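Here is the structure we will look at, set down as structure tokens.
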Amino acid sequence: MKENISVVPLLFNKEWELSAKMLWGFIKMGKARLTPKRDYHYDHMKNLCLVYFKLTPLCNLRCIMCGQWGDKGKMKHASIGEEVKKLVSLERYKEIVDEIVSQRPVVYLWGGEPFLYPHLLPLAKYMVEKGLYVSVNTNGTYLEKYAAEIVRDKWSTIFVSLDGFRETNDAMRGKGSYDRVAAGFKAINREKQRQKSNYPVMSIVTTVTNMNYQDLDNLAEASREFNLDLHIFNLGTYTNDAIVAAQSVFMKEKLNTDIECLEGYNTGYNNHIDGAKLERILYNIHKKNYGHPIITVPVLNPEKTNTYYTDLETPVRNHCIVPWCQTNIDYNGDVHFCADYPDFILGNIKEQSFREIYNGDRANLFRKTIRACKGGMFPGCLRCYQNMLFGRKIPGY
Ligand SMILES: C[S@@+](CC[C@H](N)C(=O)[O-])C[C@H]1O[C@@H](n2cnc3c(N)ncnc32)[C@H](O)[C@@H]1O
Ligand code: SF4
């Protein structure tokens, strides 16, 4: 199954400027991988290539496998009113953009549902004007409403979550969500034509679970009509009781941190996936031409697909490089390395500059600790999405 970087030349034909920015991100990531992993007394800003902005915890959907709002999602018990009061202001975000812009990182806006952050449109516009590659990960239900502005403001990429053809998708993401996404793609395509623009590059992201894996080919077929640029199959972030327990002990002992986020991915929605069957389905999908490239994350040797689901203790990637080139800014201003597991806080952008946090003692303690771990990762990182993208592939997988 294809390497992630293989999409760059394919996109290059359609949109060279965006591809060049994306390539720049991959080059900086390669640099971070190749330079010795330092911690204290080093300006880590030099290798910053990707900044996630989790703009809001709010969401209008309740997808079953979601670590925030799914069956075991940690937001289900939060006081929403209190959390919303903590949102970062547009002005502060702009200052952060000004601080990081010289490194030209890719920025990735997500949530919750990013369209529920009240200043999404002006923030994305500001980032684009500053020359950044602006990607937005959305559940797609607001695309129809804002299509004209999205195209006008030249967002670089939208990653739209769709998990199956109509019935399957709606069982995971809620009734009517498939049709709203389809209407959103239609509206964006209409606006691209009307405004004579290639922006945004459009991608579907499909999170594989035991509810949808047998329907992936139907979705691939149905997506032909969306005029996509890319389709990503994400084999899913998940864990089990033993890994959660090991991570709790580790984080308490080494970083004096209580964890609460990993449990949100202990849902069982990856149980009983027939790896051989999934391998065949993905093989057949990758073989066909749908008019746009398809990649699977993590890139796995197809015969090893089964390991991913049946043998959770076996790493398929290791040596996570995220702390050396990326970071996530949470909706309340807290900064973390791990986007999905925001337990260890590096600092808060309402109180400190980004540079202070990114080069600070807590960030360096995290770097030093993960560097000292066997395989360069913590016990809880075994099926983490970021590690799947930015870890080192283990030979054979
Ligand atoms: C948490 S959502 C936030 C953005 C937006 N609300 C959406 O659904 O696209 C980010 C991505 O994580 C995916 N996701 C949800 N649960 C997941 C899981 N257990 N493993 C991996 N990805 C997951 C979603 O499908 C989506 O593509
Ligand atoms: S739309 Fe996104 S944030 Fe909302 S529940 Fe679904 S996966 Fe989670």
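Yes/no per residue for (1) out of contact with any strand residue (DSSP E or B) (no Cβ under 6 Å at 6 or more places or on another chain); (2) of a type in the set (Asp, Glu); (3) at pLDDT 70 or above:
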site	(1), (2), (3)
2	no, no, no
5	yes, no, no
11	yes, no, no
16	yes, no, yes
19	yes, no, yes
25	no, no, yes
30	yes, no, yes
36	yes, no, yes
42	yes, no, yes
Checklist entry - Of all residues in the stretch 246-272, which are of a type in the set (A, V, I, L, M, F, W, C) and at pLDDT 95 or above? => result 246, 249, 250, 251, 255, 259
Checklist outcome for this item: Per the list (1) in a loop (DSSP other than H, G, I, E, B); (2) closer than 23 Å to residue 92 by Cα; (3) of a type in the set (Gly, Ala, Ser); (4) more than 18 Å from the chain's Cα centre (by Cα), residue check on residue 396 breaks on (2)
Checklist entry - So which of 219, 132, 235, 230 is among the aliphatic types (A, V, I, L, M) and within 12 Å of ligand 1 (Cβ to nearest atom)? => result 235
Checklist entry - Given (1) under 15 Å from residue 216 (Cα atoms); (2) charged (D, E, K, R); (3) touching a Leu at 6+ places or on another chain (Cβ under 9 Å), where does residue 313 come up short, assuming only one miss? => result (1)
Checklist outcome for this item: Sole miss for residue 236 among (1) assigned to a loop (DSSP other than H, G, I, E, B); (2) without any contact (Cβ under 8 Å) to a residue 40 or more places away in the chain; (3) surrounded by 19 or more Cβ atoms within 10 Å (Cβ to Cβ) is condition (2)
Next on the checklist: Could you list, ordered by first residue, the pairs with Cβ atoms under 8 Å in which the first is in the stretch 46-68 and modelled with pLDDT of 95 or more and within 9 Å of ligand 1 (Cβ to nearest atom) and the second is small (Gly, Ala, Ser) and assigned to a helix (DSSP H, G or I), at least 6 apart or interchain?
Outcome noted: 61/177
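The rows are residues; the columns are (1) more than 21 Å from the chain's Cα centre (by Cα); (2) surrounded by 16 or more Cβ atoms within 10 Å (Cβ to Cβ); (3) at pLDDT below 95; (4) part of a helix (DSSP H, G or I).
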{"position": "306", "(1), (2), (3), (4)": "yes, yes, yes, yes"}
{"position": "335", "(1), (2), (3), (4)": "no, yes, no, no"}
{"position": "355", "(1), (2), (3), (4)": "yes, no, no, yes"}
{"position": "363", "(1), (2), (3), (4)": "no, yes, no, yes"}
Checklist entry - Can you tell which of 124, 148, 171 is at negative phi and within 16 Å of ligand 2 (Cβ to nearest atom)? => result 171
Item to check | Residues of the stretch 238-261 classified as closer than 26 Å to residue 364 by Cβ and within 16 Å of ligand 2 (Cβ to nearest atom), total | outcome: 1
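The values are calculated or read from the model by the stated rules, or taken from the named source; none is laboratory data. Computed from a prediction, not measured in an experiment: that's the story for all the values here. For neighbour counting, all protein chains shown are included, and Cβ atoms are generated from backbone atoms with ideal geometry for every residue, glycine included.
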